[in-house]
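**Q** Sharing a structure with you now.
Since every read-out is calculated from the coordinates, none of them should be taken as a lab result. No experiment lies behind these values; they were computed from the predicted model shown. Neighbour counts run over all protein chains shown; Cβ positions are idealised from the backbone, glycine included.
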Amino acid sequence: MNLYSLQSVFKTEKMRTYLILVGLLSICSLSISQECNSRHLVNVDFPGTDITSVYSPDAEHCQHMCTQHPSCLFFTFIRADWTRDNRHFYCYLKSTRSGQPNVQTPLLGVTSGFSLKPCSPDPQPCLSEVYPNVDFLGADYQTLFTADYEECQRACTQEPACQFFTYVNGIFSLEKIRYKCHLKFSWTVPTPPIVMAKVGCVSGFSHKTQINQTLNSACQGKFFPSTAIPGNDIQTLPAASPEHCQALCSVQPRCTFFSFDSSNFNCHLKNNVHEMVTRAKEGFTSGLPTRFCQLDNSWMKVAHEDVDFQGSDILYELMNDAELCQRNCDENANCQFYTYVNENFFNPVYKDRCYLKRVVTMPAPPKVTKLANAVSGFSLKNCVQGALPTHGDVLIK
């Protein structure tokens, strides 16, 4: 063998070794990024790579928000003791291709950490902490006067629609609202951000998704086919079906009736406690919410042909059919709904892809601010019975 041949063999073996090492490093990097890491890094910042920001009262809640967000892999939370500017309670959700922060730097007043997605997280975490001198601003649907914040939290726990609360105590600056308990609402029903007609797609929901209900008796809702209810809209959301729309209306405490437009998958939630005026209209289904009974969840078991649940992807895998995609979603603890692409889709590149998806359904205050002589906290519906506080229990750290 001549010198040239020896050099060629050496280069080939060197390249082969290099490719093997690259492959091993890629596998190691993937395994590291998928390890369960629940620890919090106090006074450590993960700068940049933000997906979005939301409000949270503490780093634990922020971590749960990151866990439920489809794309978030790690986070940085700005605590109440932050002094550089007026940002407090900001929860920055972040992601990178590697699954790890590009940079970690010391920074006073922040706490960082990682998504709990690899940790088999509880889909409905118990949020038993309460927060003195903190206001969960907005999302009120009912108020009452209670003797203390414990009674306010019990009211929130026992009220089906309540997800969190703010209580103002007996020395609050505005005398006329002292001892007032504000019950607040956020969405618990999984709702794709975009629902649209698309040939070649099959979409549906995980059969294991649970909607928090506290009543045992089951009931059927009332529908008015080919009927619209004009006006009185309080919110319009995407929905896959009239039954999905009814579920949204049933958990929204202000919703008195609804109209579903099948042409664009819009669910119009409405409020009028005095009258309900209907008119005949093809393509619309209207109806009433179910109250004081177990919500019928059979709508979650329907596969919707030629419908795309767009966005909120966790991951995609290749599957032979939509039924396998459905089962794959059921088996994935993070999956709430899915879209499967079959052979009828216009672009063959996407054929047989099963997209697993989710949205945040844990209690999420729209804004968190400092407020003297206020106490805020969450419903304890998701906590074990032994963890429910009795009068006088102190949960404040």
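**Q** What residue among Asn102, Asn266, Asn342 has the largest mean-square fluctuation in a Gaussian network model of the chain, using Cα springs under 10 Å?
**A** With Cα springs under 10 Å in the chain, the top fluctuation among Asn102, Asn266, Asn342 is at Asn102.
**Q** Considering only C-alpha atoms, what is the centroid distance from the range 230-267 to the range 323-339, in Å?
**A** Each part reduced to its Cα centre gives a spacing of 25 Å.
**Q** In the range 212-296, what percentage of the DSSP-assigned beta bridges are antiparallel, given to the nearest 5?
**A** Bridges in the range 212-296 are about 95 percent antiparallel.
**Q** With everything on Cα atoms, drop me the angle between helix 3-33 and the longest principal axis of the chain, reported from 0 to 90° to the nearest 10.
**A** 10 degrees
**Q** Here's another thing I want to ask about it. Determine, for Tyr338, Tyr355, the number of other Cβ atoms within 10 Å of each Cβ, and report the residues in order from fewest to most. Show your work: numbers first, answer last.
**A** Details: Tyr338 30, Tyr355 25.
Going from least to most buried by this count: Tyr355, Tyr338.
**Q** Moving on. Return the whole-Å distance between the Cα centroid of the range 93-138 and the Cα centroid of the range 30-91.
**A** Computed from Cα coordinates, the inter-centre distance equals 4 Å.
**Q** Determine which lysines satisfy two conditions relative to Lys367: a Cα distance under 28 Å, and not lying fewer than 8 residues away in the same chain.
**A** Filter leaves Lys94, Lys117, Lys176, Lys180, Lys184, Lys270, Lys357, Lys381, Lys397.
**Q** Follow-up question, since we're still on this one. Quick one: longest stretch of the chain between exposed loop GluC sites (Glu not before Pro), exposed meaning at most 15 other C-beta atoms within 10 Å and loop per DSSP?
**A** 130-274
**Q** Next up: Of Val349, Val44, how do they rank once you tally other Cβ atoms within 10 Å and put the fewest first?
**A** Val349, Val44
**Q** Here is a further query. So how do Ile234, Ile177 line up by other beta-carbon neighbours within 10 Å, fewest first?
**A** Exposure proxy ranking, most exposed first: Ile177, Ile234.
**Q** Tell me, what is a quarter of the convex hull surface for the C-alpha atoms of the chain, in nm² with one decimal?
**A** Over all viewing directions, the chain projects a mean Cα-hull area of 26.9 nm².
**Q** Follow-up. With springs only between Cα atoms under 10 Å, which of Pro118, Pro57, Pro190 fluctuates most in a Gaussian network model of the chain?
**A** Pro118
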